[in-house]
Amino acid sequence: MTLAPGHESADGSAAVLSARPPSAPPGGGCPFLRGATAAQTNGQEGQRLRALGPAPVVELPGAVQARAVVDFALAERLSAGPQVSRDAARHWPGDREGARSVDGVIARWTGSHNALNSYGDDHRELRAPIAAALTRRRVEAMTPVIESIVQDVLDGLDGVGAERNVDLVQSYALPVPHEVITRLLGVPAEHLTAFSAAAAGLFDASAGAEEMARSIGAVLALLDQLVGGAREHPGDNLVGDLVRAADASGNPLSDAALRDQLMLIIVAGTETTVHAIGTLLVHLLSHPDQLALVTSGQVSMEDALTESLRLRPPIASVPLRFAAWQFEDARSGEQFGEGEPILIHIAGANLDPERYEDPERFDVRREGGSRSLAFGYGPHVCPGAALATREIVIAVTRFLERYPHARLALAPELLEQTASFISNGYTSIAVELS
Ligand code: HEM
(Lines give C-alpha, C1' and ligand atoms only; values in the text may rest on other atoms or scores of the structure.)
Protein backbone atom coordinates (compact mmCIF):
# COMPACT_ATOMS: atom_id res chain seq x y z
CA MET A 1 0.00 0.00 0.00
CA THR A 2 1.38 3.39 -0.91
CA LEU A 3 0.87 6.72 0.75
CA ALA A 4 -1.32 9.22 -1.01
CA PRO A 5 0.64 12.07 -2.61
CA GLY A 6 1.42 14.75 -0.09
CA HIS A 7 1.21 12.35 2.83
CA GLU A 8 4.85 11.28 2.98
CA SER A 9 6.86 12.45 5.97
CA ALA A 10 9.28 15.22 5.13
CA ASP A 11 12.33 13.16 6.04
CA GLY A 12 10.92 9.71 5.44
CA SER A 13 11.23 9.08 9.15
CA ALA A 14 9.21 6.71 11.27
CA ALA A 15 7.00 9.58 12.33
CA VAL A 16 4.37 8.85 9.76
CA LEU A 17 1.60 6.35 9.78
CA SER A 18 -1.03 6.12 7.13
CA ALA A 19 -4.21 4.29 7.78
CA ARG A 20 -7.19 2.63 6.20
CA PRO A 21 -10.05 0.74 7.79
CA PRO A 22 -9.64 -3.06 8.05
CA SER A 23 -11.87 -3.50 5.04
CA ALA A 24 -11.94 -0.84 2.39
CA PRO A 25 -15.33 0.67 1.66
CA PRO A 26 -16.90 -0.63 -1.55
CA GLY A 27 -15.70 1.38 -4.48
CA GLY A 28 -12.36 2.20 -2.85
CA GLY A 29 -11.65 5.59 -1.32
CA CYS A 30 -9.47 4.39 1.55
CA PRO A 31 -8.84 7.31 3.85
CA PHE A 32 -5.24 8.19 4.59
CA LEU A 33 -4.04 9.86 7.71
CA ARG A 34 -0.81 11.62 8.56
CA GLY A 35 0.99 10.32 11.61
CA ALA A 36 2.83 12.14 14.36
CA THR A 37 4.74 15.14 13.09
CA ALA A 38 5.95 18.41 14.51
CA ALA A 39 2.40 19.69 13.97
CA GLN A 40 0.54 16.84 15.64
CA THR A 41 0.98 14.73 18.74
CA ASN A 42 0.80 10.96 18.89
CA GLY A 43 -2.34 11.37 20.96
CA GLN A 44 -3.98 13.47 18.26
CA GLU A 45 -3.00 10.90 15.69
CA GLY A 46 -4.63 8.24 17.86
CA GLN A 47 -7.82 10.29 18.01
CA ARG A 48 -7.91 10.47 14.22
CA LEU A 49 -7.33 6.75 13.92
CA ARG A 50 -10.25 6.17 16.28
CA ALA A 51 -12.58 7.70 13.73
CA LEU A 52 -11.74 4.69 11.53
CA GLY A 53 -12.57 2.11 14.17
CA PRO A 54 -11.08 0.39 17.20
CA ALA A 55 -8.17 -1.15 15.28
CA PRO A 56 -7.69 0.30 11.79
CA VAL A 57 -4.90 -0.91 9.52
CA VAL A 58 -1.94 1.46 9.41
CA GLU A 59 1.19 1.42 7.40
CA LEU A 60 4.45 1.45 9.34
CA PRO A 61 7.88 2.22 7.96
CA GLY A 62 9.13 -0.48 5.65
CA ALA A 63 5.63 -0.97 4.24
CA VAL A 64 4.66 -3.10 7.22
CA GLN A 65 0.89 -3.04 7.69
CA ALA A 66 -0.40 -3.38 11.22
CA ARG A 67 -3.65 -2.98 13.14
CA ALA A 68 -3.32 0.12 15.34
CA VAL A 69 -5.41 -0.54 18.43
CA VAL A 70 -6.78 2.73 19.81
CA ASP A 71 -9.73 1.33 21.73
CA PHE A 72 -8.69 1.08 25.40
CA ALA A 73 -10.66 -2.05 26.31
CA LEU A 74 -9.62 -3.88 23.15
CA ALA A 75 -5.97 -2.87 23.75
CA GLU A 76 -6.14 -4.41 27.24
CA ARG A 77 -7.72 -7.62 25.98
CA LEU A 78 -5.16 -8.02 23.18
CA SER A 79 -2.23 -7.23 25.51
CA ALA A 80 -3.37 -9.77 28.09
CA GLY A 81 -4.38 -12.81 26.05
CA PRO A 82 -2.36 -15.70 24.58
CA GLN A 83 -3.90 -15.05 21.16
CA VAL A 84 -1.40 -12.21 20.69
CA SER A 85 2.36 -12.72 20.69
CA ARG A 86 5.40 -10.48 20.70
CA ASP A 87 7.63 -13.13 19.13
CA ALA A 88 8.26 -12.13 15.50
CA ALA A 89 10.44 -15.12 14.69
CA ARG A 90 7.66 -17.46 15.74
CA HIS A 91 4.47 -15.65 14.80
CA TRP A 92 5.17 -13.17 12.01
CA PRO A 93 5.24 -14.56 8.49
CA GLY A 94 6.52 -11.13 7.42
CA ASP A 95 9.62 -11.74 9.49
CA ARG A 96 10.40 -14.91 7.60
CA GLU A 97 9.61 -13.23 4.29
CA GLY A 98 12.22 -10.60 4.98
CA ALA A 99 9.96 -7.70 5.93
CA ARG A 100 12.32 -6.94 8.79
CA SER A 101 15.13 -6.16 6.42
CA VAL A 102 12.96 -3.60 4.64
CA ASP A 103 13.00 -1.13 7.46
CA GLY A 104 15.39 -0.56 10.32
CA VAL A 105 12.93 0.73 12.89
CA ILE A 106 10.65 -2.29 12.97
CA ALA A 107 13.63 -4.63 12.75
CA ARG A 108 15.24 -2.92 15.72
CA TRP A 109 12.16 -3.48 17.82
CA THR A 110 11.35 -7.03 16.76
CA GLY A 111 14.78 -8.43 15.93
CA SER A 112 16.37 -8.99 19.33
CA HIS A 113 15.62 -11.93 21.55
CA ASN A 114 14.69 -10.53 24.95
CA ALA A 115 11.78 -10.50 27.39
CA LEU A 116 9.92 -7.90 25.35
CA ASN A 117 10.04 -9.92 22.12
CA SER A 118 9.12 -13.33 23.46
CA TYR A 119 6.02 -15.37 24.12
CA GLY A 120 4.68 -17.97 26.53
CA ASP A 121 7.19 -20.08 28.48
CA ASP A 122 10.09 -18.42 26.70
CA HIS A 123 8.86 -15.03 27.94
CA ARG A 124 8.31 -16.30 31.48
CA GLU A 125 11.88 -17.61 31.60
CA LEU A 126 13.41 -14.40 30.29
CA ARG A 127 11.27 -12.10 32.42
CA ALA A 128 11.63 -13.91 35.75
CA PRO A 129 15.23 -12.80 36.49
CA ILE A 130 14.40 -9.22 35.45
CA ALA A 131 11.41 -9.13 37.78
CA ALA A 132 13.57 -10.65 40.53
CA ALA A 133 16.12 -7.88 40.02
CA LEU A 134 13.59 -5.03 40.00
CA THR A 135 12.02 -5.70 43.37
CA ARG A 136 10.64 -3.36 46.03
CA ARG A 137 13.86 -4.00 47.94
CA ARG A 138 15.89 -2.70 45.02
CA VAL A 139 13.61 0.36 44.72
CA GLU A 140 14.08 1.09 48.44
CA ALA A 141 17.84 0.57 48.17
CA MET A 142 17.95 2.95 45.18
CA THR A 143 15.90 5.69 46.86
CA PRO A 144 18.78 7.40 48.74
CA VAL A 145 20.93 7.00 45.63
CA ILE A 146 18.25 8.72 43.51
CA GLU A 147 17.91 11.51 46.12
CA SER A 148 21.63 12.12 46.02
CA ILE A 149 21.83 12.07 42.20
CA VAL A 150 18.93 14.54 42.02
CA GLN A 151 20.57 16.89 44.52
CA ASP A 152 23.85 16.81 42.56
CA VAL A 153 22.10 17.60 39.27
CA LEU A 154 20.12 20.41 40.94
CA ASP A 155 23.36 21.83 42.37
CA GLY A 156 24.73 21.82 38.83
CA LEU A 157 21.65 23.75 37.67
CA ASP A 158 22.20 26.36 40.37
CA GLY A 159 25.57 26.97 38.76
CA VAL A 160 23.89 27.80 35.45
CA GLY A 161 22.38 30.90 37.05
CA ALA A 162 18.79 31.34 38.11
CA GLU A 163 18.27 34.30 35.82
CA ARG A 164 19.05 32.34 32.65
CA ASN A 165 16.81 30.01 30.66
CA VAL A 166 17.78 26.37 30.88
CA ASP A 167 16.79 23.42 28.73
CA LEU A 168 15.17 21.17 31.28
CA VAL A 169 15.65 18.08 29.12
CA GLN A 170 19.41 18.39 28.66
CA SER A 171 20.19 19.81 32.06
CA TYR A 172 17.81 17.82 34.28
CA ALA A 173 15.37 15.26 32.83
CA LEU A 174 18.15 13.47 30.93
CA PRO A 175 21.08 13.31 33.37
CA VAL A 176 19.01 12.00 36.27
CA PRO A 177 17.75 8.73 34.65
CA HIS A 178 21.07 8.13 32.92
CA GLU A 179 22.93 8.40 36.21
CA VAL A 180 20.30 6.26 37.96
CA ILE A 181 20.49 3.42 35.41
CA THR A 182 24.26 3.54 35.53
CA ARG A 183 24.28 3.25 39.33
CA LEU A 184 21.52 0.61 39.22
CA LEU A 185 23.63 -1.58 36.93
CA GLY A 186 26.91 -0.74 38.64
CA VAL A 187 28.32 0.68 35.39
CA PRO A 188 31.52 2.67 35.72
CA ALA A 189 30.72 6.36 35.26
CA GLU A 190 33.06 6.75 32.31
CA HIS A 191 30.74 4.61 30.16
CA LEU A 192 27.70 6.77 30.74
CA THR A 193 28.09 8.57 27.42
CA ALA A 194 28.10 5.34 25.42
CA PHE A 195 24.93 4.24 27.18
CA SER A 196 23.28 7.57 26.53
CA ALA A 197 24.15 7.47 22.85
CA ALA A 198 22.85 3.93 22.37
CA ALA A 199 19.61 4.54 24.24
CA ALA A 200 18.91 7.72 22.31
CA GLY A 201 19.88 6.01 19.07
CA LEU A 202 17.48 3.13 19.53
CA PHE A 203 14.60 5.55 19.70
CA ASP A 204 15.92 7.60 16.80
CA ALA A 205 13.97 6.59 13.75
CA SER A 206 16.37 8.46 11.46
CA ALA A 207 19.57 6.78 12.67
CA GLY A 208 21.48 5.00 9.92
CA ALA A 209 22.33 1.33 10.16
CA GLU A 210 26.05 1.96 10.69
CA GLU A 211 25.50 4.55 13.39
CA MET A 212 23.10 2.18 15.11
CA ALA A 213 25.48 -0.78 14.90
CA ARG A 214 28.34 1.29 16.36
CA SER A 215 26.51 2.51 19.45
CA ILE A 216 24.91 -0.87 20.12
CA GLY A 217 28.26 -2.62 19.69
CA ALA A 218 29.96 -0.32 22.20
CA VAL A 219 27.30 -0.89 24.84
CA LEU A 220 27.10 -4.63 24.25
CA ALA A 221 30.86 -4.90 24.73
CA LEU A 222 30.56 -3.11 28.05
CA LEU A 223 27.65 -5.28 29.11
CA ASP A 224 29.74 -8.35 28.35
CA GLN A 225 32.29 -7.02 30.81
CA LEU A 226 29.62 -6.37 33.43
CA VAL A 227 28.15 -9.86 33.07
CA GLY A 228 31.61 -11.45 33.17
CA GLY A 229 32.44 -9.51 36.34
CA ALA A 230 29.12 -10.42 37.96
CA ARG A 231 29.65 -14.13 37.20
CA GLU A 232 32.85 -13.99 39.24
CA HIS A 233 31.62 -11.65 41.99
CA PRO A 234 27.91 -10.79 41.80
CA GLY A 235 27.60 -7.36 43.42
CA ASP A 236 24.69 -5.74 45.21
CA ASN A 237 23.32 -4.22 42.04
CA LEU A 238 20.89 -5.15 39.29
CA VAL A 239 23.45 -7.12 37.26
CA GLY A 240 24.33 -9.18 40.34
CA ASP A 241 20.64 -9.79 41.07
CA LEU A 242 20.00 -10.80 37.48
CA VAL A 243 22.87 -13.31 37.45
CA ARG A 244 21.84 -14.76 40.85
CA ALA A 245 18.17 -15.05 39.86
CA ALA A 246 18.98 -16.62 36.48
CA ASP A 247 21.36 -19.14 38.10
CA ALA A 248 18.85 -20.02 40.82
CA SER A 249 16.07 -20.65 38.28
CA GLY A 250 17.43 -24.06 37.32
CA ASN A 251 17.57 -22.83 33.74
CA PRO A 252 20.58 -20.48 33.77
CA LEU A 253 20.79 -17.93 30.97
CA SER A 254 23.88 -17.71 28.79
CA ASP A 255 26.09 -14.62 29.04
CA ALA A 256 24.67 -13.41 25.72
CA ALA A 257 21.09 -13.83 26.95
CA LEU A 258 21.87 -11.93 30.16
CA ARG A 259 23.50 -9.18 28.15
CA ASP A 260 20.43 -8.88 25.92
CA GLN A 261 18.15 -8.53 28.95
CA LEU A 262 20.40 -5.78 30.30
CA MET A 263 20.29 -4.00 26.98
CA LEU A 264 16.51 -4.14 27.12
CA ILE A 265 16.51 -2.71 30.64
CA ILE A 266 18.75 0.18 29.59
CA VAL A 267 16.67 0.98 26.54
CA ALA A 268 13.32 0.51 28.25
CA GLY A 269 14.29 2.34 31.41
CA THR A 270 16.18 5.41 30.25
CA GLU A 271 14.50 7.51 27.58
CA THR A 272 11.06 6.63 28.95
CA THR A 273 11.97 8.16 32.30
CA VAL A 274 13.56 11.20 30.65
CA HIS A 275 10.28 11.93 28.87
CA ALA A 276 8.17 11.19 31.93
CA ILE A 277 10.10 13.75 34.04
CA GLY A 278 10.01 16.41 31.32
CA THR A 279 6.35 15.88 30.47
CA LEU A 280 5.17 15.90 34.09
CA LEU A 281 7.02 19.18 34.65
CA VAL A 282 5.48 20.67 31.50
CA HIS A 283 2.00 19.55 32.56
CA LEU A 284 2.38 21.00 36.07
CA LEU A 285 4.08 24.24 35.05
CA SER A 286 1.42 24.90 32.43
CA HIS A 287 -1.49 24.15 34.83
CA PRO A 288 -0.93 26.31 37.94
CA ASP A 289 -4.24 25.19 39.49
CA GLN A 290 -3.23 21.54 39.22
CA LEU A 291 0.28 22.32 40.45
CA ALA A 292 -1.22 24.03 43.52
CA LEU A 293 -3.21 20.88 44.32
CA VAL A 294 0.03 18.92 44.36
CA THR A 295 2.26 21.39 46.21
CA SER A 296 -0.44 21.93 48.85
CA GLY A 297 -0.53 18.17 49.43
CA GLN A 298 -4.18 17.74 48.39
CA VAL A 299 -3.10 15.44 45.58
CA SER A 300 -0.02 13.23 45.62
CA MET A 301 2.75 13.61 43.10
CA GLU A 302 2.14 9.92 42.23
CA ASP A 303 -1.40 10.75 41.14
CA ALA A 304 -0.19 13.72 39.10
CA LEU A 305 2.35 11.44 37.44
CA THR A 306 -0.27 8.80 36.65
CA GLU A 307 -2.40 11.45 34.94
CA SER A 308 0.58 12.87 33.07
CA LEU A 309 1.57 9.38 31.84
CA ARG A 310 -1.99 8.82 30.65
CA LEU A 311 -2.22 12.07 28.76
CA ARG A 312 1.19 11.83 27.13
CA PRO A 313 2.77 8.39 27.65
CA PRO A 314 6.56 8.28 27.10
CA ILE A 315 6.05 5.27 24.86
CA ALA A 316 3.32 6.03 22.32
CA SER A 317 3.44 2.45 21.01
CA VAL A 318 5.83 -0.50 21.29
CA PRO A 319 6.34 -2.40 18.02
CA LEU A 320 5.16 -5.06 17.53
CA ARG A 321 2.67 -7.81 18.33
CA PHE A 322 1.25 -10.56 16.12
CA ALA A 323 -1.92 -12.62 16.09
CA ALA A 324 -0.70 -16.06 17.20
CA TRP A 325 -3.66 -17.59 15.36
CA GLN A 326 -6.70 -16.31 13.51
CA PHE A 327 -9.29 -15.04 15.96
CA GLU A 328 -12.23 -12.73 16.47
CA ASP A 329 -12.47 -10.45 19.50
CA ALA A 330 -15.97 -11.30 20.66
CA ARG A 331 -16.72 -7.95 22.33
CA SER A 332 -15.73 -5.71 19.42
CA GLY A 333 -16.24 -8.16 16.56
CA GLU A 334 -12.76 -7.25 15.24
CA GLN A 335 -11.11 -10.07 13.31
CA PHE A 336 -7.40 -10.74 13.16
CA GLY A 337 -5.68 -12.98 10.65
CA GLU A 338 -2.98 -15.39 11.77
CA GLY A 339 0.37 -13.58 11.90
CA GLU A 340 -1.23 -10.14 11.42
CA PRO A 341 0.91 -7.40 13.01
CA ILE A 342 -0.76 -5.50 15.87
CA LEU A 343 0.41 -2.18 17.27
CA ILE A 344 -1.08 -1.25 20.63
CA HIS A 345 -1.41 2.52 20.19
CA ILE A 346 -0.91 3.48 23.84
CA ALA A 347 -1.08 7.23 23.21
CA GLY A 348 -4.39 6.83 21.37
CA ALA A 349 -5.96 4.28 23.72
CA ASN A 350 -5.10 6.51 26.70
CA LEU A 351 -7.39 9.17 25.20
CA ASP A 352 -10.33 6.85 24.59
CA PRO A 353 -13.47 8.86 25.48
CA GLU A 354 -15.26 5.61 26.32
CA ARG A 355 -12.82 5.20 29.17
CA TYR A 356 -11.98 8.78 30.24
CA GLU A 357 -14.30 11.74 30.41
CA ASP A 358 -12.88 14.75 28.59
CA PRO A 359 -9.73 12.71 27.88
CA GLU A 360 -7.53 15.57 26.69
CA ARG A 361 -7.85 17.53 29.94
CA PHE A 362 -4.98 17.32 32.45
CA ASP A 363 -6.83 16.53 35.66
CA VAL A 364 -4.85 15.25 38.63
CA ARG A 365 -8.12 14.46 40.44
CA ARG A 366 -9.68 12.52 37.58
CA GLU A 367 -12.82 10.73 38.65
CA GLY A 368 -12.29 7.00 38.31
CA GLY A 369 -8.53 7.52 38.40
CA SER A 370 -5.95 7.92 35.67
CA ARG A 371 -4.65 4.38 35.43
CA SER A 372 -3.74 3.83 31.79
CA LEU A 373 -1.70 1.73 29.40
CA ALA A 374 1.41 3.89 29.86
CA PHE A 375 3.28 1.00 31.53
CA GLY A 376 1.61 -1.60 29.31
CA TYR A 377 -0.75 -4.34 30.39
CA GLY A 378 -0.70 -8.11 30.68
CA PRO A 379 2.35 -10.37 30.83
CA HIS A 380 4.68 -7.72 29.40
CA VAL A 381 3.59 -4.97 31.79
CA CYS A 382 6.60 -2.84 32.71
CA PRO A 383 8.61 -4.46 35.54
CA GLY A 384 10.40 -1.14 36.12
CA ALA A 385 7.23 0.84 36.90
CA ALA A 386 7.83 1.08 40.66
CA LEU A 387 11.42 2.21 40.21
CA ALA A 388 10.46 4.69 37.48
CA THR A 389 7.65 6.10 39.61
CA ARG A 390 9.95 6.59 42.61
CA GLU A 391 12.57 8.26 40.43
CA ILE A 392 10.19 10.60 38.61
CA VAL A 393 8.36 11.61 41.78
CA ILE A 394 11.64 12.44 43.54
CA ALA A 395 13.04 14.31 40.52
CA VAL A 396 9.94 16.45 39.96
CA THR A 397 9.24 17.09 43.65
CA ARG A 398 12.80 18.21 44.39
CA PHE A 399 12.92 20.40 41.27
CA LEU A 400 9.75 22.23 42.29
CA GLU A 401 11.04 22.63 45.86
CA ARG A 402 14.31 24.11 44.63
CA TYR A 403 12.67 26.33 41.97
CA PRO A 404 9.16 27.17 43.19
CA HIS A 405 8.93 30.07 40.72
CA ALA A 406 10.12 28.16 37.63
CA ARG A 407 8.17 29.04 34.46
CA LEU A 408 8.01 27.59 30.99
CA ALA A 409 9.67 30.00 28.55
CA LEU A 410 7.45 28.70 25.72
CA ALA A 411 3.87 27.53 25.61
CA PRO A 412 3.70 23.69 25.65
CA GLU A 413 2.33 23.57 22.11
CA LEU A 414 5.46 25.38 20.87
CA LEU A 415 7.86 22.87 22.44
CA GLU A 416 9.60 20.53 20.03
CA GLN A 417 8.48 16.93 20.39
CA THR A 418 10.15 13.66 19.42
CA ALA A 419 9.40 12.79 15.77
CA SER A 420 8.46 9.19 16.35
CA PHE A 421 5.46 6.94 16.76
CA ILE A 422 7.35 5.09 19.53
CA SER A 423 9.17 7.59 21.74
CA ASN A 424 6.86 10.33 22.96
CA GLY A 425 8.09 13.43 24.70
CA TYR A 426 9.78 16.79 24.33
CA THR A 427 13.26 17.15 22.88
CA SER A 428 13.83 20.43 24.71
CA ILE A 429 11.95 22.39 27.37
CA ALA A 430 13.08 25.98 27.87
CA VAL A 431 12.47 27.07 31.46
CA GLU A 432 13.14 30.27 33.38
CA LEU A 433 14.24 29.06 36.77
CA SER A 434 12.98 32.09 38.65
C1 HEM B 1 8.16 6.20 32.89
C2 HEM B 1 8.99 5.22 32.64
C3 HEM B 1 8.61 3.96 31.92
C4 HEM B 1 7.56 3.72 31.07
C5 HEM B 1 6.49 4.70 30.62
C6 HEM B 1 7.67 2.34 30.65
C7 HEM B 1 6.78 1.72 29.80
C8 HEM B 1 6.89 0.41 29.37
C9 HEM B 1 6.00 -0.22 28.41
C10 HEM B 1 4.85 0.47 27.71
C11 HEM B 1 6.43 -1.49 28.25
C12 HEM B 1 5.87 -2.51 27.27
C13 HEM B 1 4.67 -3.19 27.81
C14 HEM B 1 3.95 -3.98 26.76
O15 HEM B 1 4.39 -4.07 25.62
O16 HEM B 1 2.89 -4.51 27.10
C17 HEM B 1 7.58 -1.68 29.10
C18 HEM B 1 8.29 -2.86 29.21
C19 HEM B 1 9.44 -2.99 29.91
N20 HEM B 1 10.03 -2.04 30.72
FE21 HEM B 1 9.32 -0.19 31.12
N22 HEM B 1 8.76 1.78 31.25
C23 HEM B 1 9.37 2.73 32.04
C24 HEM B 1 10.49 2.55 32.83
C25 HEM B 1 11.21 1.40 32.94
C26 HEM B 1 12.35 1.21 33.79
C27 HEM B 1 12.93 2.29 34.74
C28 HEM B 1 12.82 -0.05 33.57
C29 HEM B 1 13.99 -0.77 34.18
C30 HEM B 1 14.93 -0.24 34.93
C31 HEM B 1 11.94 -0.68 32.60
C32 HEM B 1 12.07 -1.96 32.12
C33 HEM B 1 11.19 -2.57 31.25
C34 HEM B 1 11.36 -3.94 30.75
C35 HEM B 1 12.51 -4.90 31.10
C36 HEM B 1 10.27 -4.19 29.91
C37 HEM B 1 9.95 -5.48 29.15
C38 HEM B 1 9.05 -6.36 30.02
C39 HEM B 1 8.50 -7.59 29.32
O40 HEM B 1 8.39 -7.60 28.08
O41 HEM B 1 8.14 -8.56 30.03
N42 HEM B 1 10.98 0.22 32.24
N43 HEM B 1 7.82 -0.51 29.79
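The values are calculated or read from the model by the stated rules, or taken from the named source; none is laboratory data. Owing to the predicted nature of the structure, the values given are computational and were not obtained by experimental measurement. Don't worry about glycine lacking a Cβ; one is built from the backbone with ideal geometry, like all the others, and counts go over all protein chains shown. SASA here: full protein model, heavy atoms, side chains in, ligands and nucleic acids out. Shrake-Rupley method; radii C 1.70, N 1.55, O 1.52, S 1.80 Å.
Worth pointing out:
- Peptides ranked, highest mean first, by Cβ atoms within 10 Å: ranges 280-287, 297-304: 280-287, 297-304
- Per-residue 3J(HN,Hα) values for the stretch 60-65, derived from phi via the Karplus relation 6.51 cos²θ - 1.76 cosθ + 1.60 with θ = phi - 60°, read 9, x, x, 6, 7, 9 Hz in sequence order (x marks Gly and Pro).
- Counting only protein heavy atoms and a 1.4 Å probe, the stretch 42-432 has 40 square angstrom of accessible area per residue.
- Ligands, DNA and RNA aside, Met142 has an accessible area near 10 Å² when probed at 1.4 Å.
- Each peptide in 46-53, 168-175, 271-278 was scored by the mean count of other Cβ atoms within 10 Å over its residues; highest first, the order is 271-278, 168-175, 46-53.
- For peptides 350-359, 68-77, 55-64, sequence by mean Cβ density within 10 Å, most packed first: 68-77, 55-64, 350-359
- Nonlocal amide H pairs with Val69, under 5 Å, H built at 1.01 Å: Leu343, Ile344, His345
- The simple Förster model, with R0 at 25 Å and r as the Cβ-Cβ distance, assigns Ala221 and Ala89 a FRET efficiency of 0.50.
- Expressed as a whole percent, the proportion of Cα-Cα pairs in the stretch 382-427 lying more than 17 Å apart is 60%.
- Judged by the gyration tensor of its Cα atoms, with axes a ≥ b ≥ c, the stretch 42-432 is oblate; a/c meets the 1.5 cut and b/c is at least as large as a/b.
- Applying 1/(1 + (r/R0)^6) with R0 = 51 Å to the Cβ-Cβ distance of Glu338 and Asp247 gives a FRET efficiency near 0.85.
- Cα centre as origin, Lys/Arg/Asp/Glu Cβ charges: the stretch 299-434 dipole, Debye: 540
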